[in-house]
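Take a look at the structure set out below.
None of the figures in this text is laboratory data; all of them are computed from the coordinates on show. The shown structure was predicted, so the numbers you read here are calculated from the model rather than taken from an experiment. No Cβ is skipped: glycine too gets one built from the backbone with ideal geometry, and neighbour counts run over all protein chains shown.
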Amino acid sequence: MRELQVVNATELANAYAVAQYAVGLDGDILPLRVGEPATDLEAYWPARRYAFITAWNPASQPPSDTTNQAADAQLVARIDALGAARQAAWAEDGGGQWRESGWLVANLDLPSIEKLARQFGQAAVLAWQRGEPVRLRMLLGRPADAPEAMDAAVVAFTDWVE
């Protein structure tokens, strides 16, 4: 398991919460947003629970594309070994400065998703139950300044999981 060291977990949570996430299904691009239900996705690809996970940029440090692609292939193998359905997905900032590939996974329990994320040096995943808003799950201890330094809407849909 990779050691994850984050300089400012609150800033990282804010960045993840406002990032743009999407999944491509049969040529359609379906957006995911923290704090919003994923109604179109759920109608298109029914499941009980969903999660977005990536193996790219562990510890928020971008390695080479080759390293990211190798980690992604390992993540795919582990998701497939768990028997979970997956669809290609991605995350990006609104300014086009950052983008990384990931996977939307259906019906994999939270402990398994969080274990995979930690194994690949990730600080967070998105996870939610069908019919509920998308939640950001920070796999870090909650900083003392988190409530004051985060937008109230972000705080309401962010879980801090150590």
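Here are some notes:
- Segments classed as strands (runs of 3 or more DSSP E), wholly inside region 90-162, with at least 2 members that are more than 17 Å from D72 (Cα to Cα): 124-129, 135-138, 158-160
- Filter result (of a type outside the set (A, V, I, L, M) and surrounded by fewer than 16 Cβ atoms within 10 Å (Cβ to Cβ)) within region 4-34: Q5, N8, E11, Q20, G24, D26, G27, D28, P31
- Among the residues listed as A70, A88, A59, the single one being in contact (Cβ under 8 Å) with a residue 60 or more places away in the chain, more than 16 Å from K115 (Cβ to Cβ), out of contact with any strand residue (DSSP E or B) (no Cβ under 9 Å at 6 or more places or on another chain) and surrounded by fewer than 20 Cβ atoms within 10 Å (Cβ to Cβ): A59
- L12 of a type outside the set (S, T, Y), farther than 15 Å from I113 by Cβ, in a helix (DSSP H, G or I) and touching a helix residue (DSSP H, G or I) at 6+ places or on another chain (Cβ under 7 Å): yes
- Of all the residues in region 33-54, those that are farther than 15 Å from I113 by Cβ, touching a strand residue (DSSP E or B) at 6+ places or on another chain (Cβ under 6 Å) and not in a loop (DSSP other than H, G, I, E, B) number 5.
- Region 104-127 - residue that is over 16 Å from Q87 (Cα atoms) and hydrophobic (A, V, I, L, M, F, W, C) and, of those, nearest to the chain's Cα centre (by Cα): A124
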